[in-house]
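What follows is a set of notes on a single structure, which appears directly below.
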Amino acid sequence: NDYPYKVLQEHDSTANPGWTPEVAPSLFAPYHATAKEYALPYRAPTHAGDAYYTGEWMIYADTRYECLQDAVVYDPEVLPSAWRASE
């Protein structure tokens, strides 16, 4: 779906080619950039493994944001204290 993922749990999908990030979210998490220039559009976390952490970047409402604390599961509108806007 044009979005990179990282593997959270090592596995062999040879016998289960349908195990995609959408179907098996416990195995994968959306990539969160650790550099401003690689920030990708915000994806709302669906489990603890894909929360945002200090120093990770994302784009929300056409603005790049740096996460200021660990385990953030809310966007800048809901939890503005967890994010710093940068352009």
Asp70 to Thr14: FRET efficiency via 1/(1 + (r/R0)^6), r the Cβ-Cβ distance, R0 35 Å, to the nearest 0.05? 0.50
Per-residue ³J(HN,Hα) for the range 50-61, Karplus 6.51 cos²θ - 1.76 cosθ + 1.60, θ = phi - 60°, Hz, x for Gly and Pro: 10, 5, 8, 10, 3, x, 8, 10, 7, 10, 9, 6
For the range 1-44, convex hull volume per residue from C-alpha positions, Å³: 90
Two pseudo-spin positions, 7 Å from Cα along C-beta at Glu37 and at Tyr60, lie apart in nanometres by 2.5
Surface share of carbon and sulfur [accessible, 1.4 angstrom probe, percent] for the chain: 52
Cα-centre dipole for the chain with unit charges at Cβ (Lys and Arg positive, Asp and Glu negative), debye to 20: 80
Simple spin-label model, 7 Å along Cα-to-Cβ: Lys6 to Val78 in nm? 2.1
For 50-59, 72-81, ranked highest to lowest by mean beta-carbon neighbours within 10 Å, the order is 50-59, 72-81
Over the chain, give the accessible area per residue in Å² for a 1.4 Å probe, as an integer. 63
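The values are calculated or read from the model by the stated rules, or taken from the named source; none is laboratory data. Quick caveat: nothing in here was measured; it's all calculated off a predicted structure. All Cβ positions, glycine included, derive from the backbone under ideal geometry; neighbour counts span all protein chains shown. Just so you know, the surface numbers come from the protein's heavy atoms only, side chains and all, with ligands and any DNA or RNA stripped out. Shrake-Rupley method; radii C 1.70, N 1.55, O 1.52, S 1.80 Å.
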